[in-house]
Every structure is written in C-alpha cells, then in structure tokens.
Amino acid sequence: MPVQTGDRPQIPLGLGNALAENTSALKYFSELSSEKQRQIIDRTNTMTSRAEIRSFVRNITGLGNVI
C-alpha cells in the first residue's frame, strides 16, 4: 500500500515500474504538482494489468489537458 511522504504521493510499484521504463513519461510525471500526480495514481489504481498500465504511461504526456 502506497504511503505518502512529505508533499508528494508515493508511487505504487506497477506505476513506478512503468514510469522507469519510459523516461519521457517519468520526467513529465515528476514535474507535475502533487495533486496531478495523485490523479494519475488514482487512475492507475483501477487498472488490472501491467499492459494496461504501460499503455497508459506511454500516453501520459498527452494527458496534460485531460487531468
């Protein structure tokens, strides 16, 4: 279970792994506010497969206007 440390939410393992594989998405995610990061984390919490999370992360930089 993710634990929040300081101002930033802790990244769940599946999302963290997918971000580590995609440096563009990782950079984008790390520059977001805590609230925007939390929204992304919340969206991935409903995903049930590694492939689904990876696909989401591949498209994360295009989500700036949606989130």
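The values are calculated or read from the model by the stated rules, or taken from the named source; none is laboratory data. Since the model is a prediction, treat every value here as computed from it, not as a measurement. Cβ sites come from the backbone with ideal geometry, for glycine too, and all protein chains shown count toward neighbours.
Before moving on, here are some points about what is shown:
- Restricting region 6-26 to residues that are over 11 Å from Val57 (Cα atoms) and within 11 Å of the chain's Cα centre (by Cα), the residue that is surrounded by the most Cβ atoms within 10 Å (Cβ to Cβ) is Ile11.
- Verdict on Thr46 being exposed (fewer than 11 other Cβ atoms within 10 Å of the Cβ) and modelled with pLDDT under 95: yes
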